[in-house]
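Following: one structure in structure tokens, then a few remarks.
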Amino acid sequence: MPLALLALAISAFGIGTTEFVMMGLLPNVADDLGTSVPTAGYLVSAYALGVVLGAPLLTAVGSRIPRKRMLLLLMALFTLGNFASAFAPGFGWLVAGRFLAGLPHGAFFGVGAVVAARLVDEGRQARGVATMFLGLTVANIVGVPAATLLGQHLGWRATFLVVAVIGLGSMTALARLVPHIPVDAHQGLGREVRALANRQVLLGLLTAVLGFAGVFAVYSYLSAMTTEVMGFGESSVTLVLALFGIGMTLGALAAGPLTDRALRPTLYGSLTALVAVLVVFPFAVQVKWAALVMVVLLGGVGFMTTTPLQMLVMNKAKDAPTLASASNHSAFNLANAGGAWLGGAAIAAGWGWTSPALVGAALTVAGLAVAATAGALDHGVRGASRVVTAARGARDGNHADVC
């Protein structure tokens, strides 16, 4: 494994920790700032909104900046956002800090995925991208539970302070380990925008929005479900979050080689499995051991969707994949914001703490339908292309034989 992938994974670890730790700290933040848990859920949405807006905007601004320098600038902004969150004097300022920390997220993973794919041999690009994403999954095994525990004992501000320090360490690793990768001379914003407008890219982004929203509809309120439904104490929240992270890691490890081998079947299979898990989830969580199994499965099948979706938009954007790659993380975090909002709305409506799972199942079914439609359209285009080629060969007849 190239050491540069390690630097990207370390950065992903820091980003993953600050993105997901808020779910575990929602009750603590709500209590400290005098608000409700559903209202505190807007902190999840604020970060996600930062990603949604920042991914295309910052990628466009940095389209001519060399990849390594762009990664360093994005990580510096991420670090600043976490310092701002740590010292926020009130709820409104914390919302602003979370938004600022989210701005570089999508652009970093968009540029990082392109860099990771260039660092490995042909035919192993999905594994290279999945290796970077492993930092995100390990964050849910180690970073999020540890940061949640820290926040519960020393206050949530200490959590964001530690994440900011991780950001500084990530910048050091990127500076030392990532090689200089210049921007291609022919590659500019116009080319990136045209690639983003590809129908298959847009359908892939819509699949990410709908399909992945099902994961966040549940995960955003997993800490509350742990105590309110599963029957565990507050001290068990870190264990449940770690189990989700273990599932994510297993999903990422499986997704890389499966996506390199068969991209669309991996996507269809993971989305179908996610629907099944979300439908069963409200019933299984009533039993403690089954609840823990379902948390692992939710993380595993949920995260198996990320690598094929990332590679799909990069492949369809062809030789201008950076903006499409970054926009995919806008899609994921639009799913984050939408899933958290819809899940919170279901709880606030009195449908129960497990109702977000069924909301998520409906969203994932819609995502699977979009993915299947995109696959059918893509197959039709390829089939038409083969028919045209065959007809042209038959028309040219002897000329083709001579050539």
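The values are calculated or read from the model by the stated rules, or taken from the named source; none is laboratory data. Quantities reported herein were computed from a predicted structural model and do not represent experimental measurements. Neighbour counts run over all protein chains shown; Cβ positions are idealised from the backbone, glycine included. Only protein heavy atoms, including side chains, enter the accessible area calculation; ligands, DNA and RNA are left aside. Shrake-Rupley method; radii C 1.70, N 1.55, O 1.52, S 1.80 Å.
Odds and ends about this structure:
- Residue within the range 216-231 that is among the hydroxyl-bearing types (Ser, Thr, Tyr) and under 20 Å from residue 267 (Cα atoms) present: no
- Where helices (runs of 4 or more DSSP H) sit wholly within the range 72-175, those with at least 3 residues that are open to solvent by 40 Å² or more (accessible area, probe 1.4 Å) and under 16 Å from residue 22 (Cα atoms) occupy 91-118, 144-154.
- The set of residues from the range 11-59 being part of a helix (DSSP H, G or I) and of a type in the set (Val, Ile, Thr) comprises 15, 17, 18, 21, 29, 37, 39, 44, 51, 52, 59.
- Output for the range 304-328, where each listed residue is within 20 Å of residue 216 (Cα to Cα) and open to solvent by 10 Å² or more (accessible area, probe 1.4 Å): 304, 327
- Selection over the range 269-293 of residues that are crowded, with 24+ Cβ neighbours inside 10 Å and either free of Cβ contacts under 8 Å to residues at least 60 places away in the same chain or among the acidic types (Asp, Glu) (or both) gives a count of 2.
- Residue match in the range 231-240 (condition: assigned to a helix (DSSP H, G or I) and crowded, with 24+ Cβ neighbours inside 10 Å): yes
- Test for residue 248: is it buried (at least 20 other Cβ atoms within 10 Å of the Cβ), under 27 Å from residue 143 (Cα atoms), among the aliphatic types (A, V, I, L, M) and touching a residue at least 24 places away in the same chain (Cβ under 8 Å): yes
- The residue that is most open to solvent (accessible area, probe 1.4 Å), among those in the range 36-71 that are among the basic types (Lys, Arg) and within 22 Å of residue 13 (Cβ to Cβ), is 69.
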